Amino acid sequence: MEHKKETRQFKTEVQRLLKLIINSLYSHPEIFLRELISNASDAIDKIRFKSQTEPGILGNDTEFKIKIIPDRKNRTIIVEDNGIGMTYDEVVENIGTIAQSGTKAFIDAVEEAKKKGGLLPELIGQFGVGFYSSFIVAEKVTLITRAAGSETGVKWESSGDGSYTVEETAKESRGTQVILKLKERGEDEPDYTDEWTIRGIVKRHSDFVSYPIVMDVERTEPIPEHEIIKDKDGKPIGSTTRTVTREETLNSMKAIWTKSKSEVTEEEYNEFYKHISHDWDDPLAHLHIRFEGTTEYNALLYIPSRLPFDFTLRERRHGIHLYSRRVFIMDDYRELMPEYFGFIYGVVDAPDLNLNISREILQQDALVRNIRKNLLKRLFDLLENMDAEKYERFFAEFGAILKIGVPTDYDNRERIAKLLRYRTTKSEGKLVSLKDYVDRMKPDQEEIYYITGENPFTLMNSPHLERLKERDLEVVLMTDPIDEWVVQHLRQFENKKFTSAEKGDLGLDKPDERKTDQFGEFFSFLKEELKDKVKDVKPSTHLKDSLSCLTGEAYDMSAYLEKIMRATGQKTEPVKRVLELNVDHPAIANIKFVFEKNRTDPLLKDYTQLLYDMAVVAEGGKVEDPSRFSRTIGRIMAEAITAEELMSGEAIEV
Ligand code: ADP
């Protein structure tokens, strides 16, 4: 044999995760069965999909089923399938490690949550710990599997401590067998080897699994009259009943998406969601649709209640399951949902689909495109009509992902724009829609003012907004990196143009020309002093109380975008910005006075630098030379205070 028995250590993350699962999910022990059945059903889905292009792969093992074998005496329960199975490497890869990259961060988050009181089983559930949940009830788990097309099997075994063993073994047929050696049963604990306990769990959690879940059951039945042996008086000799073993199917295999809405209960919807999503929480909403017309199809879509912790766009896990006439074709069918709805789970059952074509060709298929269009339309309807509180929850979880649709889906841009929510300078911390903003615009206001940045608090108090606030104009505060692309692609909402509050001239009022002339020479001097940092020095159209701020020209990249680009490792030429100064501020007049008295006064250099640094600090940036910054401020404070105290005659001797 190629692989001798080996003992391997679990990756550290797995060990920590196992501990967490066992300690935190003890209150939901029965879900182990649902998870194992789900895995078995997925494995059958996979072989069935493969057999469409490789019919020989099934051999004569063509009757798909999942079998549960309880053994009361030995306290074991086996879940067995004739799905795709796993090779040696797949076992090590899938069962010995946790593939997702966010594992460590995830466990840290769970432990953090635990410290703060109470652990959230849901949090773990989102991560899909499926197989490991066996250890809630089992002291030892043995997995024996044989991959389709392989001659030998693999045996994996662990007691859920630090290590597991793995070796090659003989296995007669294709598929996977998971054997749980149950822990000592607690007083109030149900007996997982009991027929009725098992039936109850299967009914509750796995009724709609589309393959039969079977179990051998023993029944006492009357012996048929003609088989009974009787004595000469016609009295039966021995028993008139006998015990027989029958294989029974425990689930109804109802394809709930093909039923009408009135026939499906909320619980059934929720359980089905958990089955296809591997989530442990109920979904936020579902959409059950039957399309009738030239082509007919059914769809059942779900919005999860939370963004999975490990959600990344590239590694969406299950997505849309495609069926045709209730026969599973493939899961994670991305062509039916755009990236910005990548968190949606569901089933689409389209009888007219051509099954013999590849994913790539399906994508071009007119029917697929048509289904996609209709599903999107219905999803937008659902979201637009969702009650406000629920929608808020939706947006908090998925808003940032939804926004990806603005630059990527031209056809639905307007509908997505309607769904966006932002904080504004007047929303008092709440999120409002762009429609709300437009509805309460000032009568003569033509534009939607916005500002982008990281921190809503810094934005709220940004000097760029002083003039706008003075005129009581509302400003949208955009704090998602993707918002930069959202405004660039939207450009307008309900015919009102988006205008950046930190770029270009706000056009509110022109600075007094006489003043501009008076400051001309002084500003040229400042521009020369700061020529490495700014491209111009101008009288401000933004400021009212502050001394200075930095602005861009209308088509410049915003400061936030520049920061994002740099943070994501993209090379960008630093964009020089414009230093705007508040010519109505007495400090500017004073510095100008110093300049006019003596252009070589060393203080001038400090003041110039300070005007620039103050603009940087006000937008939450970092000054280049913080110690010089604080020294200059210190000195100016000392001078100002001394002057004041002197004037009131109470100077302090130092
Ligand atoms: P999940 O099912 O959420 O991916 P699990 O820990 O339950 O997480 O399973 C990990 C992986 O192990 C699965 O994705 C699958 O590839 C493999 N696996 C588990 N059970 C089976 C099975 N019965 N047959 C084949 N592969 C399986």
When you scan segment 216-233, do you find a residue that is closer than 23 Å to residue 137 by Cα and open to solvent by 30 Å² or more (accessible area, probe 1.4 Å), even just one? yes
Residues (of a type in the set (S, T, N, Q), outside any strand (DSSP E or B) and either in contact with a Leu (Cβ under 9 Å, 6 or more places away or on another chain) or open to solvent by less than 20 Å² (accessible area, probe 1.4 Å) (or both)) located in segment 407-448: 412, 425, 427, 445
Determine whether segment 246-269 contains at least one residue that is in a loop (DSSP other than H, G, I, E, B) and closer than 14 Å to residue 345 by Cα. no
Provide a single number: the residues in segment 529-587 that are of a type in the set (A, V, I, L, M), closer than 19 Å to residue 618 by Cα and free of Cβ contacts under 8 Å to residues at least 24 places away in the same chain. 2
Might you check whether a residue that is within 15 Å of the ligand (Cβ to nearest atom), modelled with pLDDT of 95 or more and in a loop (DSSP other than H, G, I, E, B) occurs anywhere in segment 86-100? yes
Checking the conditions here, which among 508, 547, 530 is under 30 Å from residue 600 (Cα atoms) and open to solvent by 20 Å² or more (accessible area, probe 1.4 Å)? 547
Could you check segment 506-591 for strands (runs of 3 or more DSSP E) lying wholly inside it with 2 or more residues that are more than 22 Å from residue 449 (Cβ to Cβ) and among the aliphatic types (A, V, I, L, M)? 534-539
Does at least one position in segment 119-139 carry a residue that is assigned to a loop (DSSP other than H, G, I, E, B), more than 10 Å from the ligand (Cβ to nearest atom) and either more than 26 Å from residue 205 (Cβ to Cβ) or modelled with pLDDT under 90 (or both)? yes
Would you tally the residues in segment 143-160 being in a loop (DSSP other than H, G, I, E, B) and either touching a residue at least 40 places away in the same chain (Cβ under 8 Å) or over 19 Å from residue 92 (Cβ atoms) (or both)? 6
From the option list 16, 48, 34, 8, single residue qualifying as open to solvent by 10 Å² or more (accessible area, probe 1.4 Å) and modelled with pLDDT under 75 is 16
Looking at 165, 220, 176, which is the one that is more than 27 Å from residue 83 (Cα to Cα) and outside any loop (DSSP other than H, G, I, E, B)? 220
What are the pairs with Cβ atoms under 9 angstrom where one residue, in segment 589-600, is without any contact (Cβ under 8 Å) to a residue 40 or more places away in the chain and the other, located anywhere, is in a loop (DSSP other than H, G, I, E, B)? Sequence gap at least six, or different chains. 589/583; 594/601
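Do you know which residues across segment 55-82 are assigned to a loop (DSSP other than H, G, I, E, B) and either within 14 Å of the ligand (Cβ to nearest atom) or in contact with a Lys or Arg (Cβ under 6 Å, 6 or more places away or on another chain) (or both)?
Answer for segment 55-82, where residues must be assigned to a loop (DSSP other than H, G, I, E, B) and either within 14 Å of the ligand (Cβ to nearest atom) or in contact with a Lys or Arg (Cβ under 6 Å, 6 or more places away or on another chain) (or both): 61, 64, 65, 82.
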Scan segment 458-470 and tell me whether some residue there is touching a strand residue (DSSP E or B) at 6+ places or on another chain (Cβ under 8 Å), in a strand (DSSP E or B) and either over 23 Å from residue 564 (Cβ atoms) or at pLDDT 95 or above (or both). no
Determine which member of the set 377, 373, 390 is at pLDDT below 95, among the charged types (D, E, K, R) and either farther than 27 Å from residue 50 by Cα or part of a loop (DSSP other than H, G, I, E, B) (or both). 373
If we scan segment 460-471, do we find a residue that is open to solvent by 30 Å² or more (accessible area, probe 1.4 Å) and more than 40 Å from the chain's Cα centre (by Cα)? no
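The values are calculated or read from the model by the stated rules, or taken from the named source; none is laboratory data. Every value quoted in this text rests on a predicted model; they were computed, and no experiment measured them. Cβ sites come from the backbone with ideal geometry, for glycine too, and all protein chains shown count toward neighbours. Heads up: the accessible areas ignore ligands, DNA and RNA and are worked out on the full protein's heavy atoms, side chains in. Shrake-Rupley method; radii C 1.70, N 1.55, O 1.52, S 1.80 Å.
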